[in-house]
Structure formats: C-alpha cells, structure tokens
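First comes the structure, then the notes that go with it.
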Amino acid sequence: MKIDLLQIKGLGALLKSPWFWRLCRIFLLAILLLMIGYGWHQHAIPGVAAADPLMYTNLATYGLWVLWLMGVVFVALLFGRLWCAFCPLGWLNGIISRSGLKRTLPGWLQNQYPVTLTLIVLQLAVYWLSIHRFPDYSAVLMATAIGLVISSGLLFRQRAFCSLFCPAGAVMALYARIAPFQLRVGQQAVCDSCDSRQCVSEEPSWRRFEWGRGILFWNSLRPGCPIDLHPQQLTDDAGCTLCMQCVDNCAHHNLQLGFRPWLAELGQKGLNRSETLFVVVLLGMLTASFSKVNISLREVLFWLPQQAAVALGWQTPGYALLAAIWVTLILPLLLLLPGLILFKLRHLRESTLPAKTGTTDLENSLPLKPSSDSSWTALGQLLLPFIPLLLTVHLILALVKLNTKGAYLPLVLQDPTGVQSYLAMQITQTVAQPTALLPLEILKWLALAILLFGYLFSLLAARKIANRLLSDRAVQFYFWASVVGVSIPAVLYTDTLIRWLFVR
C-alpha cells in the first residue's frame, strides 16, 4: 500500500475521528427520515391520469431508487464497502444492539441465505407492486427497514440487520473483492505482540475529555467490531464493513487505509454456497434489468414464465411470482450451465482396456470414489470471474439512469413532494422537463467501453483465479469454462447495448 490515507495530515485525523463518522451518519439518517415523510401517502396526483407521476419528482422515489441505488455503484467501484461506513441503518442497528438482549445470531443464519431471500422478495415486490414507482410504497419500504433495524438490534448482538436484510451490503461485499481499496494492518509483528485485542473487543473503557481547565472522565462501552473480525485476519475485503471502529480503538495506530491494484486479492478463496446463490440471483436480476430495453431479447427471456402463467390461468400476481422465480434462479443457472459443464469435464479420465474384457472386469475397473467436487463448489469457483462483468453492467445501468434523471435533482430539492414540479412540467408547462446530462454520442461509447473493459477484466480475473485456486490440470479447463460462461451474458449485454444506444 503506497499511500496510507490515515497518515495524511488533516485527512487522517478526520478519518480517525469517531465524531466525523457519527455526524455523517446522523445527517444521512435525517435525510432518510425526510424521504419517508415526503413519500408517505404520496401515491398519485388527484385528477392526473398518469399512472406514476411522482416517480422522478418525489424525494422518496428519486432519493432511494435514483440517487442512492445508482450512486452506491460508483462508490463500490472505487471504494468497495465504504458506503457501509456511512450507512445510518447499520450504525443505528449497532447502537440499539448494545442495550438489547445481545443474543448471538444462530449458526443457520450466519450466511447469505437470508439476505438472498430478501433480495428475491424485493424483486417480487418490484414486479408485483412496482414499489420503485410510487413514493408511498418506497416510504413504507424504508420505514420497514428501520423497523427491522430496531427489532434485530433489540434481539441480536452486533449488526444483525446488515447480514440478514441488507442486499446492498452483500452486493458491495461482492464488488469489494475487486475494488482498489482496503483496510489492513501495518505491521504483522505489532499485532502478534498485542494481547489486548482492544481494537475489536467490546469492553467498558474510560475516556478523558479536556476543555480549558476542565477535565471530564467518562466510562462507556467501547464499540467493538460489528462482525467480530480481527484486522489481522483480513485476507479480502468482502467481510469488513469499514466501520472504522478498529482504527479508533487500536492503541498502536497499526492500521492502514488506502489503495491497491485492481483484482489484487480476487481468487484467494472461492465462494461458499450461500455466496454462490446470492451471485446467481444477482446475475439473473441484472440480466433481466438490462434486457428491458431490448424488446426481442426480453420476449425470449420471459417467454417461458408468460406461457406458464397462461397455462395455469394465473393473472398478473401469479405471473409476477413465476417471473421472479425465473429471473432470480432458473434463468441465471441456464446461462451458467455451458461453462459449468465444460469445467466439470476436467474430471474426465481416459484409459484403455483389453479388447476382451468381461463385465466383472469392467466393474472392477471403476474407481471406488468419483474424483469430482460438488456442482455448487465448482459453480462458486466459476462465478468469481463474473464479478468484474457484473460490476460493469451494474455501472452502465447506474450511468444511464443518473444521466437521464440526474437533472431532476434541483426540482426535487425545491419541491420534495413532487406534485408542483410534475404539474409545472406536464400540465401548465411553465417548467421545461430536464434533459440528459451527457449527449447520446458520448454516453453510448462510454457505456460500450465500460462493458468491454468489464469483459476483459473478467478474462484476466479467470486467469489469476485459475493459477491461485486450482491444480495444473484444472487451470485450462477453468479458464476456457470461464471464457464460455462470461461470454454468454456478455454477448447478450453487448447486443442490448447496441440496440439500446446505437440503433435509434
């Protein structure tokens, strides 16, 4: 790590200060409450025939689905899980847990299955209720999140909400594996000689405050690591939420925060089963979101759930359920199947037997145990090179959304309810409708370049992972399986991008 941000004069002191982070989180919590307030009971405009007139003019929908949901992708691109350091919900969850029952999260919940289920439920809500289009639905969603923050904090220790109900944190944990940003110990020997572990332990401690001649001693509970992860154990950035508690607690100032090369630590370990399932769901959702603008591709991708809904006689809610299951599970597994089959071929063994071989001899020649790993283990390894491609696809969606809707921000700030802004633009036409920030000629080539770089980075990641995780025989199988696996969705994305931005 060439540059340690914690050692830069001024910036280092700011990043080390717990009050800097507290004030940022309080400010963001206040904004969240304002979004809920301005979105509450704001569903439509009386007398206006438009189905969703407040989608881009109300603070709740615009702030949640445009600014935050799209903006955090750019944060994850460069800084991994840095948003988690600012997140008011995780911080509030940690504060409440310090006075709750402090029960340990059961082992069967200490994985990504709960958050994957949450992501699927949110996708179903988007299909079923179009929650992203209506301020009142978005406000209810944010209020529900605060309710889950409080209830999980009162029941479990640390930040249970983040691991159970926050898909955004899981997505950023995935992207943090390749982002050029990390928190690490400075000298391993210093940590080896330290027995106090006060950097991560949650214990009572005395604090001294001085103001002029006045001195105040305050005994309080020192916040520990919300995920019980000692900095010395950090091998990748998927788990660390960058809460900065260890930086504040470390008595030896032995932590560094800075930048590293891209893909530096990707492939040191594969994805476990719960992480594999989460990436499968994310792949399906991003593919479906990207295909919305490609009518021919969208008809192909959604043909099966449409036909199944017709055959079953299900109406719109039934189709939404089938579409959610199809998008989040079946479709991504079908996209991954060719690469997985090719990767599994590495276990194929060839041997020559005498021409006159009886049935008993054939049975005796079979191995007692097949030399193959589980399909989920293989899939977890095969999905690692998909991370750069998924990040770039996510980035393109965010770029296009912010480019087309970013200019609405002044209107939203002037009229958080969005009613007057919509009426002025669409009814009285006294206000011009905001236009795109970047012209199409720049946007389309920028998006294509991002997609190309993502694809090339995925191929580079496949080579690095193969050399780190696998034996000599499996390296070539893994690389070509990754090329096939990554290329299938990449072709779909490229075709969609060309039809979307180039063919007008």
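Structure summary
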{"read-out": "Distant alpha-carbon pairs in segment 124-218 (separation over 19 angstrom), percent", "value": "71"}
{"read-out": "Inter-site label distance for LEU321 and LEU117 at 7 Å from Cα along Cβ, in nm", "value": "1.7"}
{"read-out": "Charge dipole magnitude, Cβ of K and R +1, D and E -1 - the chain, Cα centre, debye nearest 20", "value": "580"}
{"read-out": "Estimated D of segment 20-161 in µm² per second, where Rh is the Kirkwood radius over Cα pairs and Stokes-Einstein applies at 37 °C, 0.692 mPa s", "value": "199"}
{"read-out": "Cα Rg, Dmax (largest Cα-Cα span) when computed across segment 275-335, Å", "value": "11.6, 35"}
{"read-out": "Trypsin sites (Lys or Arg not before Pro) within segment 1-33: DSSP coil, no more than 11 neighbouring Cβ in 10 Å", "value": "LYS2, LYS9"}
{"read-out": "Equivalent ellipsoid semi-axes - Cα gyration tensor, segment 406-504, angstrom", "value": "46, 16, 11"}
{"read-out": "Ordering of 44-56, 146-158 by burial proxy (mean other Cβ atoms within 10 Å per residue, highest first)", "value": "146-158, 44-56"}
{"read-out": "Segment 170-323: relative contact order as a whole-number percent, Cα under 8 Å and 6+ apart", "value": "26"}
{"read-out": "Gyration tensor (alpha-carbon) shape descriptor, segment 199-322, a/c threshold 1.5", "value": "prolate"}
{"read-out": "Kirkwood Rh, angstrom, the chain [1 / mean 1/r, Cα pairs]", "value": "25.4"}
{"read-out": "Residues CYS246, CYS194, sorted so that the one with the fewest Cβ neighbours within 10 Å comes first", "value": "CYS194, CYS246"}
{"read-out": "Cα-only radius of gyration and Dmax that characterise segment 55-129, units Å", "value": "15.7, 44"}
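Any read-out appearing in this document is the output of simple, stated calculations on the displayed coordinates, not a laboratory observation. No experiment lies behind these values; they were computed from the predicted model shown. Note that each Cβ is placed from the backbone with ideal geometry, even for glycine, and that neighbours are counted across all protein chains shown.
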